[in-house]
Amino acid sequence: MLNSLRIRNFQSHQDSVIELGPGVNVIVGQSNAGKSACVRSLNWALTNRPLGVNFIRTGQDEADVRLEETRSDGTKVSVERIRSKSRNEYVLNGDTEHPFTSFGSNPPEDVLLALNLRDSNIQAQFDPYFLVFDSPGSVALQIRKVTGMEQIDKIADIISSRIRSCRGSTSDKEVELLQIQEKLKAISVIDLEKLESLINKADALEARKEELERAHQRLKSLYDQLVSVEKLRINLPEARIKQINESVTQMSENLLRLRSFYSTLQEIIKNLKATAANQMVFPANLSGVLGKGATLVQQYNSLCANLQNLYKIVEALGKCTVEGQGAVEKLNQLEKEKGDLMSQLKTCPWCSSELTGKTQKHLLEHTNERK
């Protein structure tokens, strides 16, 4: 039973409270007193009509209508309808923390179930008598609403819809069944042993395909590594290294010859020093000296010739010493240049593998041994 209706800022009502009793309630009053506005506010709370905000009292920003009802089991229910330019909601049983805000053009279902009221419960001043002038269809519709037959009709419509859906699904399944039967009929003439053999071959080919794909991936990875190594590889001037090796060999041979010649010169110098150390002994008497004059002249000439040879040997010895020192310096310079070139290697010139510090040192030592 609806107990009260409170109207605030709805059309002509600023703040009105209407207490309702059990049974039929009639609102009477003078013209333009706001009777129709009471019915409109009640309809607004029940049906969310009219839409918009034109019904808000002039000069106000918000309108609300509150309905209070007592159910047959004694439970009290309250519904408040609030509307402004920025607010549009229903509040059920004073739960302002959880209002209904998304409900479209019709009231929320929970609100309709709580109030248990319909537009048939309300009649305005100029409305025709209830059910008297309505068409048979409208009368039947109202009777179904009052007796609950409307819900039965909805359930029947749902059941009919599901029956139609099941029939359509059954027809589709029958078509699928016929197609499957046709396929089974076609399969029944196939040699199953041959088919199994073909399936085994297909499985083997599929496995072979996967194996080849893995091998392809490995080859691609190796190719990418080779490309990376090729980018990092340093092309050494092989002609220059060969030229350095030939120069080093030639200079080493020249140095060995110079050392041999130097040893020979040292032996000659030693003999000359021994010869020069021998003193000539003159006889005590002049006659003895004169008797040996020819011999002395011959010894003197031989000594002069030996001195000339000694000067040439010393000069040649000095030249050999200078050339030997220059050859040693040139040899050291070439060895340093070769070592610098070999230290620039990032990859092995024979197998193109990447060099680490240990392998690079081993390569340099191996190169020195080959030399």
Out of (1) of a type outside the set (A, V, I, L, M, F, W, C); (2) surrounded by 10 or more Cβ atoms within 10 Å (Cβ to Cβ); (3) in a helix (DSSP H, G or I), the one Glu193 does not meet is (2)
Per the filter on the stretch 1-19, residues over 13 Å from Arg66 (Cβ atoms) and touching a Ser or Thr at 6+ places or on another chain (Cβ under 9 Å) are Met1, Gln11
Filter result for the condition that a residue is hydroxyl-bearing (Ser, Thr, Tyr), closer than 16 Å to Ser4 by Cα and either outside any strand (DSSP E or B) or assigned by TED's automatic domain parsing to the domain that holds Phe10 (or both), over Ser105, Ser138, Ser41, Ser36: Ser41
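Each row is one residue, and each column tells you yes or no for (1) on the phi < 0 side of the Ramachandran plot; (2) among the basic types (Lys, Arg); (3) over 60 Å from the mean Cα position of the chain (by Cα).
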residue	(1), (2), (3)
Leu2	yes, no, yes
His13	yes, no, yes
Ile18	yes, no, yes
Gly23	no, no, yes
Ser31	yes, no, yes
Val39	yes, no, yes
Asp64	yes, no, no
Leu67	yes, no, no
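Residue-by-condition table, conditions (1) acidic (Asp, Glu); (2) in contact with a Cys (Cβ under 7 Å, 6 or more places away or on another chain); (3) surrounded by 10 or more Cβ atoms within 10 Å (Cβ to Cβ); (4) modelled with pLDDT of 90 or more:
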| site | (1), (2), (3), (4) |
| --- | --- |
| Glu150 | yes, no, yes, no |
| Lys154 | no, no, yes, no |
| Asp157 | yes, no, yes, no |
| Ile163 | no, no, yes, yes |
| Gly168 | no, no, yes, no |
| Gln181 | no, no, yes, no |
| Lys185 | no, no, no, no |
Can Leu51 be described as under 56 Å from the mean Cα position of the chain (by Cα), surrounded by fewer than 18 Cβ atoms within 10 Å (Cβ to Cβ) and of a type in the set (A, V, I, L, M)? yes
Determine whether Val77 is hydrophobic (A, V, I, L, M, F, W, C), more than 23 Å from Asn3 (Cβ to Cβ) and either in contact with a Lys or Arg (Cβ under 7 Å, 6 or more places away or on another chain) or without any contact (Cβ under 8 Å) to a residue 12 or more places away in the chain (or both). no
With the condition kept exactly as written, say whether any residue in the stretch 28-42 is within 20 Å of Leu115 (Cα to Cα) and out of contact with any strand residue (DSSP E or B) (no Cβ under 7 Å at 6 or more places or on another chain). yes
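The values are calculated or read from the model by the stated rules, or taken from the named source; none is laboratory data. Bear in mind the structure is a predicted one, so any value in this text is a computation, not a measurement. With ideal geometry, Cβ positions are generated from the backbone for all residues, glycine too; neighbour counts draw on all protein chains shown.
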